[in-house]
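The values are calculated or read from the model by the stated rules, or taken from the named source; none is laboratory data. For clarity, every value in this text was computed on a predicted model and none was experimentally measured. Glycine gets a Cβ as well: all are built from the backbone with ideal geometry, and neighbour counts include every protein chain shown. Heavy atoms of the whole protein, side chains included, go into the accessibility calculation; ligands, DNA and RNA do not. Shrake-Rupley method; radii C 1.70, N 1.55, O 1.52, S 1.80 Å.
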Amino acid sequence: MIYIKNTQRTYSIDVHQVKDDLNRMLDFLGYPDFAISIWFTTEKTIQHYNMHFRHMNKPTDVLSFPYHADLEPGQRIVADTQDDKNLGDILIAPAYVDKQLADWNQTFPQRLRILLVHSVCHLLGYDHITDAEYDQMQKQEDILIAMLENK
């Protein structure tokens with residue numbers, strides 16, 4: 001199940017496309033009955049969460065909060081309870097995303113899709129702190145992007 005909350009009003013979000021992309025990723029990854037929550041929020045709100053959880057007093061494009069915090073990349077989730085079928089939460093600040101589009105040479109929908117893929121990878125234990133982790137995460141992201149682009 002995909003839960004979407006949109007409390008920002010500046011940017012139009014194609015909720016159907018977001019749900020479709022996330023459902024396709026979950027099916028592809030073997031988690032079709034798992035849940036993800038997404039909150040499209042303001043830069044002020046994401047800055048608050050970035051400060052609270054990462055001690056960085058600035059806005060960002062996306063934050064990911066995995067339910068299975070100790071999951072290793074590639075490790076399968078064994079759902080013993082219904083709660084275990086929660087992958088986690090994603091916060092996205094569309095205004096911040098929009099400001100970065102020129103840096104990425106992408107449209108808003110393209111960038112949003114990439115951020116969704118990136119966030120899902122974080123929810124599944126991938127990270128990019130070291131070069132080896134970055135390479136591993138990038139490979140998984142490339143697989144998911146290719147899958148989404150090949151309808």
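Data for the structure
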| quantity | calculated |
| --- | --- |
| For the range 4-59: relative contact order, % (alpha-carbon pairs under 8 angstrom, 6 or more apart) | 37 percent |
| Cut-off 14 Å between beta-carbons: net charge of the residues surrounding His48, Lys and Arg +1, Asp and Glu -1 | +2 |
| Folded to 0 to 90 degrees: helix 108-123 orientation relative to the chain principal axis, Cα | 40 degrees |
| Debye intensity ratio I(q)/I(0), log10, the chain, q values 0.12, 0.15, 0.18 Å⁻¹ (C-alpha model) | -0.49, -0.79, -1.17 |
| Where Ser119, Ser12, Ser37 fall by accessible area, highest first, once all protein chains stay in place (1.4 Å) | Ser12, Ser37, Ser119 |
| Integer Hz, Karplus 6.51/-1.76/1.60 couplings in order for the range 33-45, x for Gly and Pro | 10, 9, 10, 9, 10, 10, 10, 8, 9, 8, 4, 4, 5 |
| Relative packing of peptides 70-83, 125-138, 91-104 - highest average C-beta neighbours within 10 Å first | 91-104, 125-138, 70-83 |
| The range 1-67: translational diffusion in µm²/s, Stokes-Einstein, Kirkwood Rh over Cα pairs, 20 °C, 1.002 mPa s | 161 µm²/s |
| Column: log10 I(q)/I(0), Debye, Cα scatterers of the range 73-128, q = 0.26, 0.29 Å⁻¹ | -1.05, -1.17 |
| Protein-only accessible surface order, largest first, of His55, His48, His122 at 1.4 Å | His55, His48, His122 |
| Radius 14 Å from Cβ of Val78, net charge of other residues (Lys, Arg +1; Asp, Glu -1) | -4 |
| Rounded accessible area per residue of the chain, 1.4 Å, Å² | 58 Å² |
